[in-house]
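We did not get these values from a lab; they are worked out from the coordinates using the rules stated. Since the model is a prediction, treat every value here as computed from it, not as a measurement. Virtual Cβ from ideal backbone geometry, glycine too; neighbours counted across all protein chains shown.
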Amino acid sequence: MKFGEWVQNTRKDQDQDIRSLAEKTGVDVGTISRIENVHTQATIYTVFRLAEGLNTSLPDLIQALSGKYLSSFEEKKLASDANVLTLLDVEKIVEDFNKESLAVRSYLAKCLNDLEQGLSSISLEASKEKRLVSFDVEDIDKLLYPSQIYRVDMVYPRMLKSEIIQFTYERNGVLIASDIQTYTRGKTTTLKMNEQLTRGSTNVFLRLTEPSSMDRIRFNELVSLDEELGEEGRLLGIFWEVCRFNEKFSPSLQRVRYHDQPTLFEIEHIKETALSSRKPEEYRLARFYIIIYRWYQFLNRSKEVVRFEKY
């Protein structure tokens, strides 16, 4: 079944018209109409929004479209790890930041100082000078509140292994766009692309290894790539979780949310809530917190154990 056909059938089964679905998902009426009539191919982010607005999880969507329940979904459903940073953990620190900013900023400064100490003991370009930098709450402010004349950002650990991203995903951890690049780059070491992928999937694969907009990745292209790589839905699921993070913390998002779906599988708690626009510093804080956690993951895989304690 084509995705557009599924949207139309499911929407009608739920007695929703296009306008109400557009209001719930933020996808405009014209786009929904073109998707239903197969006049355009939906991006992964648009598919995420429509599926969420139609109260359908990714495993159920793939099963409806292909008749298959992919094995990686079952593996993810059974896995759990209290030490993995989740979307709920990120929401908590953002909420607490709005109540007790100093405590959160002090915690983040301590995390950076612990990381600096850990990185100083391993061979990295960033630590060859062997000069430790000390961070305080004012440094956190510079990360969260850029001015017109400067912008400070947290560096994502590009040397992170794809296995860490897979581990995080399978244990329902939170993911960001940089994690997609890390995961797909890890595949290049074992993949003989000319032998295993079609030309179209090869082009998509190469695009995923570099920074790109979620709105430029077509859902049908991703489904084909996932299948050719033998991912059993894992690549799709990683994208889905990145969409979930973006949906939760996008500074420009302003619409009615059809339901809150905290994980890939939990869809039973349906409620209609007004989703107000996020402040830019809330998005930066959420992303900053996740990147801090990725550095802890990197250090622990490098046998330099630095204990990560959630806020």
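What shape does the range 20-98 take by its C-alpha gyration tensor, where a ≥ b ≥ c are the square roots of the eigenvalues and a/c under 1.5 counts as rounded, a/b above b/c as prolate, and the rest as oblate? Judged from the Cα gyration tensor, the range 20-98 comes out oblate (a/c at least 1.5, b/c at or above a/b). Per-residue extension of 0.36 nm, minus the Cα-Cα distance of Leu102 and Ser71, leaves a gain of 6.7 nm for this segment. Lys/Arg Cβ at +1, Asp/Glu Cβ at -1, dipole of the range 48-123 taken about the Cα centre: which of Leu85, Asn55, Ser120 is farthest positive-ward? Of the candidates, Asn55 comes out farthest on the positive side. Between Gln148 and Asp81, the FRET efficiency estimated from the beta carbon spacing at R0 = 41 angstrom works out to 0.45. With the alpha-carbon atoms of the range 1-57 aligned to their principal axes, the span from lowest to highest coordinate is 22, 22, 21 Å, starting with the largest. Using the Cβ-Cβ distance between Phe167 and Val133 with R0 set to 41 Å, the FRET efficiency works out to roughly 0.90. Backbone amide hydrogens, once placed in the peptide plane, bring Leu70 within less than 5 Å of nothing, excluding anything fewer than 5 places away on its chain. Filter the chymotrypsin sites (Phe, Trp or Tyr not before Pro) in the range 80-184 down to the DSSP loop ones having no more than 15 other Cβ atoms within 10 Å, then list what survives. Sites meeting the loop and neighbour criteria: Tyr150.
Computed from the Cβ-Cβ distance with R0 of 22 Å, the FRET efficiency linking Ser121 to Val155 stands at 0.75. In order along the range 39-45, phi translates into HN-Hα couplings of 9, 8, 9, 6, 6, 4, 5 Hz, rounded to whole numbers, per the Karplus curve 6.51 cos²θ - 1.76 cosθ + 1.60 with θ = phi - 60° and x for Gly and Pro.
For the range 103-118, putting each phi into the Karplus relation 6.51 cos²θ - 1.76 cosθ + 1.60 with θ = phi - 60° gives couplings of 4, 5, 5, 5, 4, 5, 4, 4, 4, 5, 5, 5, 5, 4, 5, x Hz, in residue order, rounded to whole numbers and with x for Gly and Pro.
Close amide-amide hydrogen proximity is noted between Thr43 and Phe219, each under 5 Å apart and 5 or more residues distant or on a separate chain (H modeled in the peptide plane; Pro and chain starts excluded).
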